[in-house]
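Before any comments, here is the structure.
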Amino acid sequence: MQISSPKMSSPKIKIFALIVLMLGSGITATMLGYRMGYESLKGVSTPDINPAKKLTKKNNHLSTMPKEFVAISEEKILKQIRVYKSQQTEKANKKTNSKKDNG
């Protein structure tokens, strides 16, 4: 009587090898990306002062006073849309007319 050892089938070996290769390439890409980012930021330092503080000090009184919300009327919006659409149509007509005259 012969004792047989459990054998892995060919597809299982291929899947295992693929997983190992994927993990290896992921780790390699991560290390490479980290190193490149670290090297690129070596000479960069934070500024001595915060430039955003200059802006907030200058307009400090404006930021503390909230404004009341005012809704825009639908008619006003639709009027602006109609004007814009008519301007775009006029521009397109001028372009097509100039092409017809030249060509």
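The values are calculated or read from the model by the stated rules, or taken from the named source; none is laboratory data. Worth saying up front: this structure is predicted, and the values here are computed from it rather than measured. We place every Cβ from the backbone using ideal geometry, glycine too, and count neighbours over all the protein chains shown.
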Completion exercise
Apart from one, (1) at pLDDT below 70; (2) among the β-branched types (Val, Ile, Thr); (3) loosely packed, with under 10 Cβ neighbours inside 10 Å all hold for Thr56; the odd one out is (3)
Practice task
Assess whether Thr46 counts as being among the hydroxyl-bearing types (Ser, Thr, Tyr), loosely packed, with under 10 Cβ neighbours inside 10 Å, at negative phi and modelled with pLDDT of 75 or more.
Solution key: yes
